[in-house]
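First comes the structure, then the notes that go with it.
Only the coordinates and a few stated rules stand behind these numbers; no lab work does. What you are looking at is a predicted structure, and each value in this text was computed from that prediction instead of being measured. Glycine gets a Cβ as well: all are built from the backbone with ideal geometry, and neighbour counts include every protein chain shown.
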Amino acid sequence: MTARIPLQHAEMLASRLIQLLHPCCERIEVAGSIRRRRPYVKDIELVAIPRIETGEVIHQASMFGTTSSAMAVSTNLLDERLTNLVQHNPAIREPLMAGERRWGARYKKLEVEVKKGSDSWLKVDLFSTSADQWGLIYLLRTGPADFSKYVVTRAEQGGPLPPGWRVAGGWLRKNGEKYLIPEEVDVFEVLGYAWRPPSEREDWRTWMTLGRVER
C-alpha cells in the first residue's frame, strides 16, 4: 500500500477506472480529495448510479404437470463488472483486510496498482446511490470529512440543517419524508447557501457561519 501520490497520477488511475465502469453505470464521478484538487491524495473515491438490467426467468412445466411461470429478476451490471475485474484484471484487487467489511450493496472497497509491476496499491472506495439521492451522497463523499459532518448536523445540535430537516438512511428528510436531492446545488439550497466548488470546501468555516444559516 502506498501513502500518498500526486494528484495527476491519482486522476489518471481514477480515469482508467471510470472508463472500465462507465458502461455499467447511469452516472459515475470522482469525489473525495481528487475532486477537491488536493496536491497529494491517499485514495480514490467514486460515486456511481449502477445500471440495472431487468429480465425474466422462465420456469418450465414439470413432469407432474405444473405450469410454467415467469419471474422478473434484476441484475446490477456494476456489481457484475466489479466482480469480473477483481477476478481477471491483475491491476485491480480486493483489499487484503482482516475482519472488515469490504463489499456491500452500497459500498465497495478496492485497490488499484499504482504502477505496473510495483507492489504499491491505492485504496478505492466506491459508493452506489440513486438519481434521487445523488446530490447528497456526492456532496458528502466529496468532503472534507469535517464539512460533510457539519452539513448533516441539525439546527438544534448547532448545525446548518433547518428545523424539521435531518439526514437518515442516506436520505435528506423533511419532517420525516424523503426529499429528492438530484444535484449538490439542492443541498446548498436547503442550507440557504449558494453552491460552492469543491476546492473552496476545505475552508468552509470562512463562508459558513457556525450554528446558523445565512439567508
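Working from label points 7 Å from Cα in the Cα-to-Cβ sense, the Ala155 to Tyr107 distance is 3.0 nm. For the stretch 131-215, the residue among Pro197, Pro162, Ile137 whose Cα projects farthest onto the positive side of the dipole built from Cβ charges is Pro162.
Exceeding 22 Å between C-alpha atoms, which entries from my cross-link table qualify? They are Lys42/Lys115; Lys149/Lys174; Lys115/Lys149; Lys42/Lys116; Lys149/Lys178. Intermediate values should be presented prior to the final figure.
Details: Lys42/Lys115 15 Å; Lys149/Lys174 18 Å; Lys115/Lys149 34 Å; Lys42/Lys116 18 Å; Lys149/Lys178 19 Å.
In this structure, Lys115/Lys149 lie more than 22 Å apart at Cα.
Whole angstrom only: what separates the Cα centroid of the stretch 165-192 from the Cα centroid of the stretch 123-149? The stretch 165-192 and the stretch 123-149 have Cα centres spaced 13 Å from each other.
Packing around the peptides 115-125, 152-162, 138-148, taken as the average count of other Cβ atoms within 10 Å per residue, puts them in this order, highest first: 138-148, 152-162, 115-125. With both labels modelled 7 Å from their Cα along Cα-to-Cβ, the Ser118 to Asn175 distance reads 5.5 nm.
How much mean residue ellipticity at 222 nm does the chain get from its helices, if each DSSP H run of length 4 or more adds -39500 (n - 2.57) and you divide by all residues, to the nearest 500 deg cm²/dmol? Can you show the working numbers first?
Details: 6 runs with 55 residues, N = 215.
That calculation yields -7500 deg cm²/dmol at 222 nm.
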